[in-house]
Amino acid sequence: MDTNLRMFCFQCQETNHNQGCTLAGRCGKRPETAGEMDRVVAELKCFAQMLQKCGRKPTREQGRSIIQALFATITNANFDTDQITEWVEKVKCMRTQQAMQCGKTEAGEPLAAGVLQIADEDIRSLCELITYGIKGISAYAEHAAVLGLESDSIYAFIVQALATIANEQQNTDFSNKAERVNALVALVLKTGEVAVQTMEMLDAANTQTFGNPTMTSVRTTPGTRPGILVSGHDLLDLKELLEQTKDAGIDIYTHGEMLPAHGYPELKKYPHLVGNYGRSWFHQPEEFAAFGGPIVMTTNCIVPVKDAYKDRIFTTGVVGYPGVAQIPEREPGKMKDFSEVIKLAKKCPVPMHLPDTGPEMVTGLAHHQVLALADRVVEAVRGGAIRRFVVMAGCDGRHTERVYYTEVAKLLPKDTIILTAGCAKYRYNQLPLGDIGGIPRVLDAGQCNDSYSLVKIAMALKDAFGLKDLNELPVSYDIAWYEQKAVAVLLALLSLGVKGIRLGPTIPAFLTPAVLDVIVKHFDVKPITTPEEDVAAMMCGK
C-alpha cells in the first residue's frame with residue numbers, strides 16, 4: 001500500500017481515471033471525509049467480529065445502526081466529516097457494550113482502515129464487491145425500516161459479510177487463495193440473493209404504505225406559486241411534507257429519483273404535488289439555483305452545494321453537508337418537522353422555467369401496473385407487435401459517454417419496449433418514442449430499488465410464455481451503473497441467473513482482470529461498445 005496517498009476510493013463509476021481517487025473524490029468528497037468513512041467500515045467489521053465471537057446475532061437496534069452507518073458512506077450521501085466521525089464513535093461504543101455483555105475484558109483492537117489493507121488484489125476485489133453490495137442493501141433496508149419493515153435475517157447477513165471481510169483482511173496466508181476466492185464468489189452471489197430479498201421487502205413497504213403505483217403523466221413545467229423541491233428517495237419524508245403544506249399555498253415538486261412518487265395513490269392524492277422539476281442528480285447546481293425555493297435532500301444523491309442555494313437547502317436522515325441546515329429525525333409517533341422549510345418557501349419566488357424540458361413524463365409502471373396490462377403485452381409479443389424488451393435501468397452520471405444510452409433509445413426499432421428504473425431514465429424518458437398499441441415504449445418502474453419490479457415483470461412473462469429460464473425471454477439487459485446501490489442491483493440480477501448483461505459506461509475499477517474473468521465466464525457480463533453495435537446484437541438476442 002502507498003502510505004503517501006491522501007485517500008483511496010474507487011467505489012463509484014466516476015473514480016479518477018477509472019483507477020481510484022487519491023487526492024480528493026471526483027464526487028467532491030474531501031480526503032479527511034473519505035478517511036473517516038474508511039474508519040466507519042473498519043469499526044463495523046470489528047463489531048461484526050465481536051458479535052460472532054460472542055455467538056450473537058445483531059439486535060434490531062444494532063442492525064438499524066449498522067445499515068444507517070453503511071448508508072452514510074455511500075457516494076453522494078454525506079460530505080460532513082463531523083457527522084461521519086459521530087458514526088465512528090457510535091459503532092465503537094456498540095462494540096464496547098457488546099464486549100461487556102459477553103463478558104469480554106477487551107473490545108479488541110480496531111482493524112486498519114482503508115480499501116488497500118488487503119494485499120492480494122483479487123481477494124481485495126471480491127471483498128470490495130461484497131462491501132459495495134451490502135452498502136446498497138443497507139440503503140434499501142433503511143428505506144424499508146423507515147416505513148416499519150425490518151428483517152433480522154438481512155441484518156444477520158450483513159454482519160456475516162462484514163465479519164468475513166474482516167477475517168480476510170487479517171489473513172495474510174495466501175497459500176489457499178483458490179479456496180478463499182471460491183468462498184468469496186459464493187458470498188458475492190449470496191449478497192445478490194439478499195439484495196433481492198431487501199428490494200422485495202422495500203417494495204412491500206412502499207406499496208403497503210402508499211398503494212400500488214399506477215401509470216401517471218407528470219408535469220415538468222413550474223406553476224405560479226412558491227414551491228419546495230424534494231430530492232432523494234424517501235417517500236415518507238415527501239408524504240409528511242405534503243401533509244404539512246396542504247393548506248399553505250405552496251406547491252411541492254419532485255426532483256431526480258423522487259419522480260416515481262407521482263404514481264403512488266397516497267401521494268398523488270395531494271393536488272399541490274404539482275410536478276417534477278429538473279432531471280437527474282448531477283444537474284443540481286444549475287437546477288437548484290433556478291428553482292428559487294427551498295430544497296429538501298431526503299437521502300443520497302446530494303452533490304457539493306453551491307453558494308447560490310446554500311441558504312435554502314436542507315438535509316435529513318443520513319444526508320449531511322457542512323454548513324447546511326439539518327432537519328432532525330422524527331420523534332416516536334410524530335412527523336418530521338418541516339416548519340422551517342415551509343416558512344422559508346413562503347418568502348421565495350416562483351420557480352424559473354428550465355430550458356430543454358418537455359411538457360410531461362410518464363411514471364408509475366411498476367410490476368402491479370404492468371401485470372395489469374399483461375394480456376395486452378403477451379398478445380403484442382405473440383402477434384409480433386413487440387419484438388424485444390431492453391432493460392436500461394440504473395444510474396445517470398456526468399460522463400459524456402452516457403449519451404450512449406440516449407442513442408440506444410433512439411436506435412432501438414419501434415417494436416421494442418424499454419424497461420427502466422432509477423435515474424438512468426433521464427437519458428431518454430422525454431424522447432418522443434411513442435407507444436405500441438397503447439403501451440408506452442418506455443415503461444418506468446420507478447426508483448433504482450424498483451428494479452425488483454423489472455424482475456417481477458420478467459418472471460411473469462417467463463411464466464406466461466411457459467419458459468423454464470429467464471434467459472429464454474426476448475429481453476436484453478443494458479445497465480448503467482454509478483454507485484453502490486447499482487452494485488446491489490447487478491448482484492441481484494446475477495443471483496437470479498440473468499446472463500448477457502451489458503454494463504457501462506465503464507467496468508468497475510474495483511474488479512480485477514481475474515475477478516472480471518470469473519464473472520464473464522459464469523454470467524457473460526460484457527462492456528458496452530457503440531450504440532449501433534449493441535443495438536444490432538441485442539436485436540439478435542446476443
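The values are calculated or read from the model by the stated rules, or taken from the named source; none is laboratory data. This structure is a prediction, so every number in the text was calculated from the model and none was measured. Please note: Cβ atoms are built from the backbone with ideal geometry, for glycine as well, and neighbour counts cover all protein chains shown. For accessibility, only protein heavy atoms count, side chains too; no ligands or nucleic acids. Shrake-Rupley method; radii C 1.70, N 1.55, O 1.52, S 1.80 Å.
How many of the residues making up the range 281-299 are open to solvent by 20 Å² or more (accessible area, probe 1.4 Å) and under 19 Å from the mean Cα position of the chain (by Cα)? Lay out the reasoning, then the answer.
Here is the first cut: in the range 281-299, the ones open to solvent by 20 Å² or more (accessible area, probe 1.4 Å) are 282-283, 285-286, 289.
From what's left, under 19 Å from the mean Cα position of the chain (by Cα): 282-283.
Result for the range 281-299: 2.
Check off (1) open to solvent by less than 10 Å² (accessible area, probe 1.4 Å); (2) farther than 28 Å from L373 by Cβ for H233 and give me the number that stays unchecked.
Only one criterion in (1) open to solvent by less than 10 Å² (accessible area, probe 1.4 Å); (2) farther than 28 Å from L373 by Cβ is unmet by H233, namely (2).
Within the set of pairs 6+ apart or on separate chains, which have a first residue in the range 273-288 that is in contact (Cβ under 8 Å) with a residue 60 or more places away in the chain and hydrophobic (A, V, I, L, M, F, W, C), a second that is surrounded by 22 or more Cβ atoms within 10 Å (Cβ to Cβ) and not in a strand (DSSP E or B), and C-beta atoms under 6 Å apart?
Correct list of pairs: W281/G256; W281/C301.
Condition first: at pLDDT 95 or above and within 30 Å of V303 (Cβ to Cβ). Can you find one or more residues in the range 462-478 that meet it?
Yes, some residue in the range 462-478 is at pLDDT 95 or above and within 30 Å of V303 (Cβ to Cβ).
Please find, within the range 26-50, the residue that is most open to solvent (accessible area, probe 1.4 Å) out of those that are touching a Cys at 6+ places or on another chain (Cβ under 9 Å) and in contact (Cβ under 8 Å) with a residue 40 or more places away in the chain.
D38
For residues in the range 300-339 being of a type in the set (S, T, Y) and in a strand (DSSP E or B), which is surrounded by the most Cβ atoms within 10 Å (Cβ to Cβ)?
Just the residues of the range 300-339 that are of a type in the set (S, T, Y), to begin with: 309, 315-316, 321, 339.
Right, trim to in a strand (DSSP E or B) and you get 315-316.
Details: T315: 25, T316: 22.
This residue is T315.
Only one of these conditions is not met by A107: (1) at pLDDT below 95; (2) open to solvent by less than 10 Å² (accessible area, probe 1.4 Å). Which number is it?
Result: A107 fails condition (2) only.
When the residues of the range 195-219 are narrowed to those that are open to solvent by less than 50 Å² (accessible area, probe 1.4 Å) and of a type in the set (S, T, N, Q), which ends up farthest from G133 (Cα to Cα)?
Filtering the range 195-219 for residues that are open to solvent by less than 50 Å² (accessible area, probe 1.4 Å) and of a type in the set (S, T, N, Q), the one farthest from G133 (Cα to Cα) comes out as T216.
Based on this model, can you work out whether F71 counts as open to solvent by less than 20 Å² (accessible area, probe 1.4 Å) and aromatic (F, W, Y)?
yes
Do the conditions hold for V525, that is, is it at pLDDT 95 or above and surrounded by 15 or more Cβ atoms within 10 Å (Cβ to Cβ)?
Working: at pLDDT 95 or above: yes; surrounded by 15 or more Cβ atoms within 10 Å (Cβ to Cβ): yes.
Answer is yes for this residue.
Can you pull out the residues in the range 454-466 that are assigned to a loop (DSSP other than H, G, I, E, B) and touching an Asp or Glu at 6+ places or on another chain (Cβ under 9 Å)?
F465
Across the range 380-409, what is the total count of residues that are among the acidic types (D, E) and either touching a strand residue (DSSP E or B) at 6+ places or on another chain (Cβ under 7 Å) or surrounded by 21 or more Cβ atoms within 10 Å (Cβ to Cβ) (or both)?
Matching residues across the range 380-409 total 1.
Would the range 444-453 turn up any residue that is within 23 Å of I507 (Cβ to Cβ), touching an Asp or Glu at 6+ places or on another chain (Cβ under 9 Å), at pLDDT 95 or above and open to solvent by less than 10 Å² (accessible area, probe 1.4 Å)?
For the range 444-453, residues within 23 Å of I507 (Cβ to Cβ), touching an Asp or Glu at 6+ places or on another chain (Cβ under 9 Å), at pLDDT 95 or above and open to solvent by less than 10 Å² (accessible area, probe 1.4 Å): absent.
Here are F174, F210: which of them is closer than 30 Å to I74 by Cβ and among the aromatic types (F, W, Y)?
Step by step, each of F174, F210 is checked, and only F210 is closer than 30 Å to I74 by Cβ and among the aromatic types (F, W, Y).
Would you confirm whether any residue within the range 344-356 is part of a loop (DSSP other than H, G, I, E, B) and within 23 Å of the chain's Cα centre (by Cα)?
no
Restricting attention to the range 413-432, report how many residues are under 26 Å from the mean Cα position of the chain (by Cα) and either over 11 Å from V390 (Cβ atoms) or in a loop (DSSP other than H, G, I, E, B) (or both).
11
Any chance the range 482-495 includes a residue that's more than 14 Å from the chain's Cα centre (by Cα) and buried (at least 24 other Cβ atoms within 10 Å of the Cβ)?
Within the range 482-495 (the criterion being more than 14 Å from the chain's Cα centre (by Cα) and buried (at least 24 other Cβ atoms within 10 Å of the Cβ)), the answer is yes, since at least one residue qualifies.
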